[in-house]
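Chemist: What follows is a structure written as structure tokens; I'll ask about it next.
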Amino acid sequence: MFAKRAMLPPEAVLAEEAGVSRLTARGSIKSLQAQKIVSVRRGLGTFVNSPSG
């Protein structure tokens, strides 16, 4: 679990730690982004969003 506003590791690292392909990790990140759980900032990284309430 990651704290609010934390930067997630790169896709390759997440994939290796979870034992999945990088494509699967990327799809999971896209799903989390669609649910507004994370924000992806090209060139900066992927960050956990703060709850809106």
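The values are calculated or read from the model by the stated rules, or taken from the named source; none is laboratory data. This structure is a prediction, so every number in the text was calculated from the model and none was measured. FYI the Cβ positions are ideal-geometry reconstructions off the backbone, even for glycines, and counts take in every protein chain you see. Keep in mind that these areas ignore ligands, DNA and RNA; they rest on the heavy atoms of the full protein, side chains included. Shrake-Rupley method; radii C 1.70, N 1.55, O 1.52, S 1.80 Å.
Chemist: Counting heavy atoms of the protein chains only and a 1.4 Å probe, report the per residue accessible area for the chain as a whole number of Å².
Modeler: Spelled out: the 1.4 Å probe surface of the chain, per residue, equals 80 Å².
Chemist: Report Rg(Cα)/(2.2 N^0.38 Å) for the chain, keeping two decimals.
Modeler: Normalised Cα radius of gyration, the chain: 1.09.
Chemist: Quick one: if you stick a label point 7 Å off each Cα along the C-beta vector at A18 and I37, how many nm between them?
Modeler: In this crude label model, A18 to I37 measures out at 0.9 nm.
Chemist: Sticking with this structure for a sec: Rounded to the nearest 500 deg cm²/dmol, what is the calculated helix-only ellipticity per residue at 222 nm for the chain, with -39500 (n - 2.57) per DSSP H run of length n ≥ 4?
Modeler: -12000 deg cm²/dmol
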